[in-house]
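Read-outs throughout are calculated quantities, based only on the coordinates presented, and are distinct from any laboratory measurement. Owing to the predicted nature of the structure, the values given are computational and were not obtained by experimental measurement. Using ideal geometry, Cβ is built from the backbone for each residue, glycine included, and neighbour counts are taken over all protein chains shown.
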Amino acid sequence: MGKTRILDALATLSFNYPRRAEYFSGELETFLLMARDEQDDPLNLKGSFAGAMGYGQFMPSSYKQYAVDFSGDGHINLWDPVDAIGSVANYFKAHGLGERRSGRGNGKRSGSRLAKWLQN
């Protein structure tokens with residue numbers, strides 16, 4: 001899940017990588033807003049050298065679009081396996097993965113909580 005402080009990674013890439021400065025500056029802003037909204041200390045969150053977070057290695061912009069509170073505790077935490085699985089499933093759902101294709105099943109188990117959620 002990474003050992004680099006996400007704030008450091010995104011700040012470094014925002015200011016010291018001119019070709020991608022605009023992209024990483026946006027990711028930095030989104031990360032800081034996420035930390036504020038989730039009441040996390042941005043200095044404590046660790047991820048990849050590029051700023052990806054949690055089990056699913058979501059960039060902050062992907063977090064903003066696809067992360068969900070699958071555990072129902074009122075917070076989205078990509079380092080929590082339950083929220084991470086729900087968030088990755090939401091990402092897959094948004095990109096059409098898991099839809100029934102001819103000649104093969106879709107991998108859904110009809111009784112599972114995740115399968116029911118994906119059908120919504």
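Table for the structure above
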read-out	value
Cα gyration tensor of segment 1-55 - equivalent ellipsoid semi-axes, whole Å, descending	18, 13, 8
Label point distance in nm, H75-F49, each placed 7 Å from Cα along Cα→Cβ	3.0
Proximal charge balance of L10 [Cβ under 12 Å; K/R count +1, D/E count -1]	-1
For segment 59-64, 3J(HN,Hα) per residue [Karplus equation, 6.51 cos²θ - 1.76 cosθ + 1.60, θ = phi - 60°, Hz, x = Gly/Pro]	6, x, 5, 5, 4, 4
For K46, residues with placed amide H under 5 Å, excluding near neighbours	I6
